[in-house]
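Note sheet for the following structure.
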Amino acid sequence: MNLHSHSISSLQGVLTVPGDKSISHRAAILGGLAQGVTEVDNFLCSEDCLNTLRAMEQLGAKVDVLEERQGYGPVRFRITGVAMSPKAPERPIDCGNSGTTVRLLMGVLAPWGITVELTGDDSLRRRPMRRIAAPLELMGARFAPEGATTLPLSITGTRGLAAISYDSPVASAQLKTAILLAGIFASGTTSVHEPAPSRNHTELMLPGFGVDVEAAPGEASVAGGQSLHACDVDVPGDPSSAAFMACAAALRPDSAIDIENVSLNEARIGFARVLERMGADIALKPTGSAGEEPCGTISVSYVEHLRSCEVVGREIASLVDEIPVLALVAAHAEGTTVFHEVGELRVKETDRLAAILEGLSKLGVRAWTEGDDLHIEGKSGLVVPEGLVFDSLGDHRLAMTWSLVGFTGAHPVSIRDFEAVRVSYPGFRADIERLAK
Ligand code: S3P
């Protein structure tokens, strides 16, 4: 579907965004693997998380839907776990577009004596998998074809994995989580050390499932020989989805919105810190917690002038999925904004660095890379040309980013394959239009 995203006069009011994608994946996986029945509430029923849920069903978990979001899927369900004995599925597991699904599943499958074939869509088949396979091989899992770098591949797990202490070359929560999930069933203590702290949802969720974890920013370790017991999970709103609404309000004159019940986990709200530094009127108000996740309200009001800022390498993991939309805000901020060490964007759902450069050039904004750093020469009061057409390239975050050019600017824009939003935020358009005054 192509979207004609029209301009709106302002964004006003209160909203909640759908459940967090990372936490929803982990709830389905831990609940599906555990012994007993886990109830998950406010699950993100988007394509990515439904792929994880279906994968756990293929491995033998049973899902009873308690509440559906019409047209999308379950938001509340009970999952009866496989009690740490996943069965070999009859067909390959198709992870669709979801990197989190396939990478976490590799960690799930490594400790069991079954062979499972994993595949995905064209985008996922281009993404690097060696970064996960390499440490799991050190622990004792096997992959075919030998040395496989991309999907499709098959993993053969083994009971009695060896624990490892792993210095990760990337700050990746997917990589850290895969190793920790395997480590729960290894002999000895498995540790992961990261070059910068990545999101810590796995470490926060595992103790509820009865697994002791030691964690500090950039480090996590788990002793082997533990077991998982069912634990209900209440999923807070997704800060990555909230970021689109926050940036829309920051860009559209006269806007003032409150986004309630969002995860305020520090490892996820880097975008808010960057908006603050750009001079945006944004406030985070803690209201409580969902399990071990802090949550609260994000309030954003429009201000006329934004300024450029520097985003350092150590911050990137806390806003990695928000860089496309922050790049759009940077285009409207006076001066040159630099995002340092963002090479990981080249291996997301698309090459997001290339897509950002191309999209910003349509706006008449100078942007370039120097090595892995992204530079954007923004202009306060930027006037966007009429009649722009963007291509999401099948990437949900690009679809939402470029739609904001239309929603917050003076002229409508067209987005090719806007439907890609189904991956993380199927109701995005309806939510933004609900706030439009
Ligand atoms: C995720 C981790 C991040 C992020 C992805 C979700 C997760 O990827 O980009 O959308 O749930 O662990 P990396 O771990 O590759 O940085």
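The values are calculated or read from the model by the stated rules, or taken from the named source; none is laboratory data. What you see is a predicted model, and the numbers here were worked out from it, not measured in a lab. Glycine also receives a Cβ, built like all others from the backbone with ideal geometry; neighbour counts cover every protein chain displayed. Areas reflect the complete protein model, heavy atoms only, side chains present, ligands, DNA and RNA absent. Shrake-Rupley method; radii C 1.70, N 1.55, O 1.52, S 1.80 Å.
Scanning segment 331-352 for residues that are of a type in the set (D, E, K, R) and within 13 Å of the ligand (Cβ to nearest atom) returns Glu341, Glu344, Arg346, Lys348, Glu349, Arg352. Residue-level check: of (1) open to solvent by 10 Å² or more (accessible area, probe 1.4 Å); (2) within 16 Å of the ligand (Cβ to nearest atom), Ile164 misses just (2). Scanning segment 22-47 for residues that are crowded, with 24+ Cβ neighbours inside 10 Å, assigned to a helix (DSSP H, G or I) and within 14 Å of the ligand (Cβ to nearest atom) yields Ser22, Ile23, Ser24, His25, Arg26, Ala27, Ala28, Ile29, Leu30. Scanning segment 48-72 for residues that are under 19 Å from the mean Cα position of the chain (by Cα) and open to solvent by 20 Å² or more (accessible area, probe 1.4 Å) returns Leu50, Arg54, Tyr72. Once segment 307-330 is narrowed to residues that are open to solvent by 10 Å² or more (accessible area, probe 1.4 Å) and under 25 Å from Ser255 (Cβ atoms), the residue that is nearest to the ligand (Cβ to nearest atom) is Asp321.
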